[in-house]
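Structure record follows, encoded as structure tokens.
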Amino acid sequence: MISLVSTYKLPIVLAAALVVRVGVLFAFPDVFNYEQTGAIHGSAAYDEYAIHILETGVYGRIPGEPDARIPPGYSYALAAVYGTIGRGGVQVGLFNTLLDLISITLLYYIGVTLFGRDDRVRGAWLGAGAGLFYAGYPYLVFQNLTLIDTPLFMVLLYGFLLAVILLRERDTFDRAGIGLAVVGGLLLGAVMLVRPIVPPLALGVALWYLFRRSFVQTVVRLLPVAVIGVVVVLGWTLRNYGVYEAFVPLTTTSGANFWQGNSEYTVPYFRAGYDVQWTAPDLEAADLDSREADLERFDLAVEYLSSHPERIPELVWVKFLVHWSIDIAPRRNPTAGELPRLEYRGDALVVSEPDQELALSGLQPGDPVAVYSESLFDRVGRLLHRYYYGTLFVLCLLGMALTVREWREVSVLWIAQFTMTVVYVAFHPSTRYRVPTDPLLFLFSAAALYALWHWYLQQRTNSVSTP
């Protein structure tokens, strides 16, 4: 049995991931089958964009009117799914499951390459262990079955990381190295079209190269990656210039995200356990979804930070705690109620007195957010996440300490966590934004368990050999 598991580690992990996801998908049709319930868990925007792409050929929230409110990557992928196998929760769930299986495979080979430099068997076990933790991670299982860009983002992010890791490992920049650089560049551009948050990670990768390669070798290998990545994004940027007659690199919502994470409401809402998506400023722009409105939001955030520098340390600390919370953040969600405290747009109407605890209510009937306040999600789901992720997080810290001597290799995983933390603490943190990189942490969790297992075997051997 042990020999069988050792030989077929990755297929067994992939089979487990498939069984778990398909089982959950079909066990909760009222949650996932949005074409029947009308309640979309994840983001309804992707559904609307995909439908409009198929119907009009134009990328826009309003049919036939082009815009750039959200990155286009997942919407186009979803349109391809709708156009081939139809629109529905099962189709999306199976597509996202396929993406998860690819991500687990990429994670496995990241583990093999980084931790198996001197012992490939160890690297394979660590990759398989992290893949298994990913396969059963309750939060990711649920989130990646919904209508969300996370599984596509993870595939592209892990693919990019594996490509640049393998590129650094090559002693010569030969034809295979050029191929890896091209693949890495295409993946870098593609991942920015899904979530435009990876440029800091790309810079971190360049620093990581310098731990093993000279400056010249680093430039020669990574310059093509950067150029190809920029070229991929450039096509979308030029399209946006034609739409707005202005420079819009990727989206017109970066200002909204920056304001939500840097306003007078940020700390109170996060401390009360709510997400700051339920806040919105008073704007002069008539069209709240316009590029002008987004620029106004960005300016308001900059104005808040510049006029309240004494609040920045608390702001950063609170957002850091939200990002790395062992509990699911946000801890609380608005609930249904008679008081119209929330508009359907998601703008919070603050009605509580200054000395009262902040509480949000008034969700419209059928809003999927209301489900997260029910017992299955609010009690069972949160408790399960706390112990599952919390245990792996503790093991991760132990694994980091045990592998610190391998820092020249494994530090790319530290860099990934550091850069993602910086990005989301600067903007808008939450658990759903952090979890795409959690499986990279699970490589360290697996390293800790691997070391503990070998320590146990050594102790047992010593006890048997001792007369």
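Worth pointing out:
- Check on LEU94, assigned to a helix (DSSP H, G or I), modelled with pLDDT of 95 or more, open to solvent by less than 50 Å² (accessible area, probe 1.4 Å) and of a type outside the set (Phe, Trp, Tyr): no
- In region 396-422, the residues that are of a type in the set (D, E, K, R) reach residues that are outside any helix (DSSP H, G or I) with C-beta atoms within less than 8 angstrom, at least six apart or across chains, in these pairs: GLU406/ARG117; ARG408/PHE211; ARG408/ARG212; GLU409/ARG117.
- Per-region count, region 129-139, residues part of a helix (DSSP H, G or I) and either open to solvent by 10 Å² or more (accessible area, probe 1.4 Å) or at pLDDT below 95 (or both): 5
- Subset of region 412-460 that is small (Gly, Ala, Ser) and within 14 Å of the chain's Cα centre (by Cα) - its residue that is surrounded by the fewest Cβ atoms within 10 Å (Cβ to Cβ): SER430
- Any hit, region 297-314, residues being more than 30 Å from ARG382 (Cβ to Cβ), surrounded by 18 or more Cβ atoms within 10 Å (Cβ to Cβ) and of a type in the set (D, E, K, R): yes
- Count of residues meeting criterion [open to solvent by less than 50 Å² (accessible area, probe 1.4 Å) and more than 15 Å from HIS428 (Cβ to Cβ)] in region 278-296: 5
- Annotation note: of ASP67, ASP100, ASP47, the sole residue that is farther than 29 Å from LEU162 by Cα, part of a helix (DSSP H, G or I), touching a residue at least 40 places away in the same chain (Cβ under 8 Å) and not hydrophobic (A, V, I, L, M, F, W, C) is ASP47.
- Being open to solvent by less than 40 Å² (accessible area, probe 1.4 Å) and modelled with pLDDT of 95 or more is a property that holds for ALA50.
The values are calculated or read from the model by the stated rules, or taken from the named source; none is laboratory data. In this text the structure is predicted, and so the values were computed from the model without any measurement. Glycine gets a Cβ as well: all are built from the backbone with ideal geometry, and neighbour counts include every protein chain shown. Note: accessible area is taken over every heavy atom of the protein model, side chains too, but ligands, DNA and RNA are not part of it. Shrake-Rupley method; radii C 1.70, N 1.55, O 1.52, S 1.80 Å.
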